[in-house]
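Enquirer: Dropping a structure here in structure tokens format, bear with me for questions.
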Amino acid sequence: MPKRPAFYHFLGCIIPHRYPSIEKATRLVFEDLDMDLLDMEGATCCPAPGVFGSFERITWATIAARNLTIAEETGHPITTGCNGCFASLWDANYELKHDEDLREAVNAGLKEIDREFKGTIEVTHYVDALYNTAGLEKMRKRVVRPMKGVRMALHPGCHFMRPKLLKKKEDSERPHILKDISLTTGGEYVPYKDELMCCGAGGAVRTADIKIALDFTKQKFESIQAAGGADMIVTPCPFCELQLDLGQVEIEKHFGVKFEFDVLHISELLALAFGHDPDEFGLDTHLQYMQRKTEPHWEQLGIKR
Amino acid sequence: MTSAEEKPPIVLDEPDREFVEMIKRTGGPNIQSCYQCGTCSGSCPAGARTNFLVRGIIRKALLGMKQECISAPELWYCTTCYTCTDRCPQDVKPTDVIKAIRNIAVQEGYMLQNHQKVAQKVLETGHAVPLDKESWQKLREKVGLEPIPPNASRFPEAIADVVKIAKKTHFDKLVEDKDEDEE
């Protein structure tokens, strides 16, 4: 039997601490696709690239490098389901491999905790593992609950694909990877004008001024409505998911406008399509439902209850 | 079209010639390639709803107007979406320039209290968004996961590592509560 691909699983903060349904769904989906996830014991905050990177670059890079060294111990690549964590770990890994001054400063900090950045591993996003390691064909074969007639609006977010010249993932003006993966479930793609716009949460803006952050999010929702609406919004990032999901409760409070979109991480969409019961990973624990005491629109999502 | 309001000329009495060099050293090495085309601001979702103007900040920085750049509240409205970086014809990497100016602002004491609190959380718990309530553990159990994940929430030695790193880079001092904040 061929060896199963294995990844160090970088959880970050939002997935394990606020949206654990994403963590559970990911474990189910990776198992279904014959990929192993290894615990990264003692991993910390990535730390948030737009936040800590904005405060002090050396500290940001050193804490990120500490996380990287946990994986370097045995050499498996890292995978993470958060665009922010991906950006921090990928960028730090890249910059430390290419900027000797930074590497020297970072290793001076790591020496304090008996670690050293060696630059021996790669950082991937779940999306990479799904698209490149498992592959679209394998995913298509696993689909036992086709999302037939379910209209999916996509929110790719920013930090997986940008900066495009550095990350070299795909054309950030015409991305296709999230769309290709989502379409394996048999759902219908809903294009809308502001699909590629930021959710508004990043860069420490959500913390600086939540109303400005929510104004971005509101524009995205209005853009989806202008395109005829959607049955779900799919994203590869838990921070975007928090902003789009919990953000609806906050928009209602700050702007007096009510939206009721179901927002799914790509892992959650795949878990449903692969036949898992939504209770198996707790889809109804999204903070929007917990705070509003509501449930997902099961019928719209193609789920019989 | 001109504004009906009278605009005073930009005062350049004391340009800080070091500022551009500081930005270049702090993570924005390409700032001097900017020829002020405005593609960045035209692409900017923050600029579409606030007075955050990437082109303006870069111009001010190139003129040595350090104080105006680092003290501007709108400096913190960039979500770092990198759309400007992907579209800039001069490879200025405006997002990195903004982040570099933010680093300098923080060094000089311009840091929002909310941001300080997030930074402190990482030093206290290892996470910017910590597992700080029992209800979060219950939520994990509800979805069929162990109550405490195998990250710094379970391994306190990881938090000690982060604190040591922050001491070494003096980040701990940078984000500690200043006297005037404690009222």
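Enquirer: Being within 9 Å of chain A (Cβ to nearest Cβ) and more than 13 Å from residue B:171 (Cα to Cα) is the filter here; which residues of the stretch B:122-134 pass it?
Expert: B:125, B:126, B:127, B:128, B:129, B:130, B:131, B:132, listed by residue number.
Enquirer: Can you pull out every residue in the stretch B:101-145 that is among the acidic types (Asp, Glu) and not in a helix (DSSP H, G or I)?
Expert: Across the stretch B:101-145, the qualifying residues are B:108, B:132.
Enquirer: Now for a separate question. From the list A:90, A:60, which one is within 14 Å of another protein chain (Cβ to nearest Cβ) and touching a Lys or Arg at 6+ places or on another chain (Cβ under 9 Å)?
Expert: Answer to the check: A:90.
Enquirer: Can I ask one more? Could you grab me the full set of residues in the stretch B:135-174 that are more than 7 Å from chain A (Cβ to nearest Cβ) and closer than 30 Å to residue B:109 by Cβ?
Expert: Passing the criteria: B:159, B:160, B:163, B:167, B:170, B:172, B:173.
Enquirer: Has the stretch B:138-155 got at least one residue that is closer than 22 Å to residue A:205 by Cα and of a type outside the set (S, T, N, Q)?
Expert: No - not one qualifying residue is present in the stretch B:138-155.
Enquirer: Can you name the condition, by its number, that residue B:41 falls short on among (1) more than 14 Å from chain A (Cβ to nearest Cβ); (2) in a loop (DSSP other than H, G, I, E, B)?
Expert: All conditions pass for residue B:41, except number (2).
Enquirer: Within the stretch B:101-121, work out how many residues are among the small types (Gly, Ala, Ser) and either within 8 Å of another protein chain (Cβ to nearest Cβ) or more than 10 Å from the chain's Cα centre (by Cα) (or both).
Expert: Adding up the residues that qualify gives 2.
Enquirer: Here is a check on your reading of the model: is residue A:246 more than 9 Å from chain B (Cβ to nearest Cβ), touching a residue at least 12 places away in the same chain (Cβ under 8 Å) and more than 27 Å from residue A:131 (Cα to Cα)?
Expert: yes
Enquirer: With the stretch A:1-106 as the region, which helices (runs of 4 or more DSSP H) entirely inside it contain at least 3 residues that are among the aromatic types (Phe, Trp, Tyr)?
Expert: It comes to A:83-98.
Enquirer: Return the residues of the stretch B:109-146 that are surrounded by 20 or more Cβ atoms within 10 Å (Cβ to Cβ) and of a type in the set (S, T, N, Q); say none if nothing qualifies.
Expert: Within the stretch B:109-146, just B:125 meets the criteria.
Enquirer: Right, here's the next one. What helices (runs of 4 or more DSSP H) completely inside the stretch A:109-186 contain at least 1 residues that are more than 14 Å from chain B (Cβ to nearest Cβ)?
Expert: A:136-142, A:177-183
Enquirer: I would also like to ask the following. With respect to residue B:98, determine if the residue is within 14 Å of chain A (Cβ to nearest Cβ), under 26 Å from residue A:240 (Cα atoms), in a helix (DSSP H, G or I) and among the aliphatic types (A, V, I, L, M).
Expert: Against the criterion (within 14 Å of chain A (Cβ to nearest Cβ), under 26 Å from residue A:240 (Cα atoms), in a helix (DSSP H, G or I) and among the aliphatic types (A, V, I, L, M)), residue B:98 qualifies.
Enquirer: If you don't mind, there's one more thing I want to ask. Out of B:36, B:90, report the one residue that is surrounded by fewer than 17 Cβ atoms within 10 Å (Cβ to Cβ), in contact (Cβ under 8 Å) with a residue 12 or more places away in the chain and either touching a Ser or Thr at 6+ places or on another chain (Cβ under 7 Å) or under 16 Å from residue A:202 (Cα atoms) (or both).
Expert: Sole residue among the options that is surrounded by fewer than 17 Cβ atoms within 10 Å (Cβ to Cβ), in contact (Cβ under 8 Å) with a residue 12 or more places away in the chain and either touching a Ser or Thr at 6+ places or on another chain (Cβ under 7 Å) or under 16 Å from residue A:202 (Cα atoms) (or both): B:90.
Enquirer: If a residue must be touching a Cys at 6+ places or on another chain (Cβ under 6 Å) and either over 27 Å from residue A:24 (Cα atoms) or in contact (Cβ under 8 Å) with a residue 60 or more places away in the chain (or both), how many such residues does the stretch A:64-88 contain?
Expert: Selection size over the stretch A:64-88: 3.
Enquirer: Does at least one position in the stretch A:209-217 carry a residue that is out of contact with any strand residue (DSSP E or B) (no Cβ under 7 Å at 6 or more places or on another chain) and surrounded by fewer than 18 Cβ atoms within 10 Å (Cβ to Cβ)?
Expert: yes
Enquirer: Inside the stretch A:190-203, can you point out the residues that are crowded, with 16+ Cβ neighbours inside 10 Å and either free of Cβ contacts under 8 Å to residues at least 40 places away in the same chain or more than 9 Å from chain B (Cβ to nearest Cβ) (or both)?
Expert: Residues satisfying the conditions are A:190, A:192, A:194, A:195, A:197.
Every residue, every condition in (1) out of contact with any helix residue (DSSP H, G or I) (no Cβ under 7 Å at 6 or more places or on another chain); (2) free of Cβ contacts under 8 Å to residues at least 24 places away in the same chain; (3) crowded, with 23+ Cβ neighbours inside 10 Å, yes or no:
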site: A:21; (1), (2), (3): no, no, yes
site: A:29; (1), (2), (3): no, no, yes
site: A:35; (1), (2), (3): no, no, no
site: A:38; (1), (2), (3): yes, no, no
site: A:48; (1), (2), (3): no, no, yes
site: A:54; (1), (2), (3): no, no, yes
site: A:62; (1), (2), (3): no, no, yes
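Enquirer: Further question: Is there any pair linking a residue in the stretch B:11-30 that is among the polar types (S, T, N, Q) to one that is loosely packed, with under 14 Cβ neighbours inside 10 Å, with Cβ under 7 Å and at least six apart or on different chains, and which?
Expert: Within 7 Å, the pairs are B:30/B:91.
Enquirer: Here's another thing I want to ask about it. Can we say residue B:180 is modelled with pLDDT under 95 and either under 19 Å from the mean Cα position of the chain (by Cα) or more than 7 Å from chain A (Cβ to nearest Cβ) (or both)?
Expert: yes
Enquirer: For residues that are part of a loop (DSSP other than H, G, I, E, B) and surrounded by 24 or more Cβ atoms within 10 Å (Cβ to Cβ), tally how many sit in the stretch A:283-305.
Expert: Total meeting the criteria: 1.
The values are calculated or read from the model by the stated rules, or taken from the named source; none is laboratory data. Remember, predicted model here, so these are calculated numbers, not experimental data. When we count neighbours, we look across all protein chains shown, and the Cβ atoms used for this are built from the backbone with ideal geometry, even at glycine.
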